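Heads up, the thing below is written out as structure tokens.
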Amino acid sequence: MAPKAIPALAISAVLFAGCGGEPAAAPPSRTATPGTPESTSATPAPSPSPSETLPPVTDKVSLPQLMREDFPGGEVKVLRESGSTDAYRRFEVSYPSGRLTITGVLFRPRGAGPFPGVVFAHGHIDTDIYVTGQGLRREQDRLAREGYVVLHTDYRGHAGSSPVPEGTEEDESRLGYTRDTINAVQAMKRLPYVDPDRTALLGRSMGGGVVMNALVAQPGLVRAGVAYASVSSDIVDNINRWAVPSRPDEVARLYRQYGDPETEPEFWDGLSARTYFDRIEVPLQMHHGTNDESCPIRWAYTTRDLLESAGVRQRLWVYPGEQHAFGPQWDLSIRRVIGFLDRHLA
């Protein structure tokens with residue numbers, strides 16, 4: 001396809017273990033058939049909400065705290081080129097996230113641009129085995145071939161990134177990964193061959209939760225979001241699904257420090273994107289299989305219903321029989337993603 005020219009570590013590792021295994025790469029396709037039309041329409045990128053409308057900060061470890069932070073962006077530095085093809089150049093890169101340095105991979109379609117850009121937020125992969133750019137390999141190749149710049153963030157504590165700062169409870173709640181993802185968008189917008197007004201987020205599994213966090217924390221950041229097989233938009237669901245059975249001592253420590261969801265619901269609501277769905281100003285497309293063995297389909301239905309109640313333009317695509325990793329129906333799903341991005345980043 002021709003280039004598209006202008007017209008939290010402890011809980012992160014514990015809560016979401018088993019919720020981000022990525023499938024093996026599938027043979028890429030150069031051409032995508034438009035997916036079924038969405039029930040949403042393209043709109044200009046919105047402006048961030050004024051600070052006086054922000055929900056109160058009841059704890060520094062919270063999404064309202066993220067809403068008040070500045071993300072100026074920084075320079076994307078190329079470390080090396082590897083894995084380039086006739087359709088795109090692939091680079092291993094780094095970029096700043098606050099005081100940290102985050103690594104990742106960058107895909108630049110061949111041609112002059114400027115191109116639309118998508119930041120990828122990957123699912124949980126144990127940091128002991130994670131290598132730069134791991135996860136979402138099929139999506140990286142496909143979107144780059146379709147004329148999108150792709151920046152896949154490794155997150156802090158992964159691959160060559162700076163380690164997670166000790167004693168930062170925010171990273172135990174995925175807020176650190178959310179910061180790294182927001183900073184990835186701001187860094188990508190600085191690239192001379194990226195159109196900063198045509199950017200989006202795509203997250204898978206744990207990364208789907210990161211995308212929802214970013215959309216509520218920084219409403220004007222991008223023009224669209226995509227979530228594949230996402231974790232729950234309620235952090236308590238995720239704690240009960242992964243941390244309680246596998247790390248009860250860690251859960252007990254957290255509950256001693258912050259209170260449990262029964263006695264201190266306000267704290268846990270402050271870490272759940274669904275509490276702030278009314279802040280999302282861009283369309284969100286979701287994909288989920290009915291046989292997802294890691295992130296139950298009921299989570300997707302609940303998230304959809306809450307988004308709809310909050311007035312968010314959204315669409316949940318349900319895939320009968322499909323599991324967490326997406327297999328037989330992955331090609332259908334990515335064609336729908338491309339159609340969605342083509343419309344909203346046009």
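Here are a few things to note about the model shown:
- Gained length - Val318 relative to Arg253, 0.36 nm times residue gap less alpha-carbon distance: 19.7 nm
- Of the peptides 212-223, 261-272, the ranking by mean beta-carbon count within 10 Å, highest at the top, reads 212-223, 261-272.
- Over the range 259-346: Kirkwood hydrodynamic radius from C-alpha pairwise inverse distances, Å: 14.7 Å
- Equivalent ellipsoid semi-axes - Cα gyration tensor, the range 64-143, angstrom: 23, 18, 13
- Likely footprinting exposure, Ser246, Ser232, fewest C-beta neighbours within 10 Å first: Ser246, Ser232
- Cβ crowding within 10 Å averaged over residues, with 201-211, 59-69 ranked highest first: 201-211, 59-69
- Percent of Cα pairs exceeding the 15 Å cut-off, where the set is the range 110-160: 47 percent
- When only Cα pairs below 8 angstrom with a gap of at least 6 residues are kept, the range 71-226 shows a relative contact order of 27 percent.
- Taking 19 Å as the cut-off, the amide N atoms of the range 65-95 that come nearer than this to a point 7 Å along the Cα-to-beta-carbon line of Val131 belong to 79-85, 90-94.
- Debye intensity ratio I(q)/I(0), log10, the range 134-195, q values 0.12, 0.18, 0.22, 0.24 Å⁻¹ (C-alpha model): -0.38, -0.76, -0.99, -1.07
- Sorted by Cβ density within 10 Å, fewest first, the residues Ser333, Ser309, Ser233, Ser162: Ser309, Ser162, Ser333, Ser233
- Global form of the range 139-294, assessed from the alpha-carbon gyration tensor, a/c cut-off 1.5: prolate
- Residues Leu284, Leu254, Leu106, Leu332, sorted so that the one with the fewest Cβ neighbours within 10 Å comes first: Leu332, Leu254, Leu284, Leu106
- The range 231-290 versus the range 313-346: alpha-carbon centroid distance in Å: 25 Å
- A simple spin-label model places pseudo-atoms 7 Å from Cα toward Cβ; at Ala112 and Thr302 they are separated by 5.2 nm.
- Model label sites at Arg68 and Glu266, defined 7 Å from Cα along the beta-carbon direction, differ in position by 1.4 nm.
Since every read-out is calculated from the coordinates, none of them should be taken as a lab result. Note that the coordinates shown come from a computational prediction; the quantities given were computed from them, not determined experimentally. All Cβ positions, even for glycine, are placed from backbone atoms using ideal geometry, and neighbour counts span all protein chains on display.
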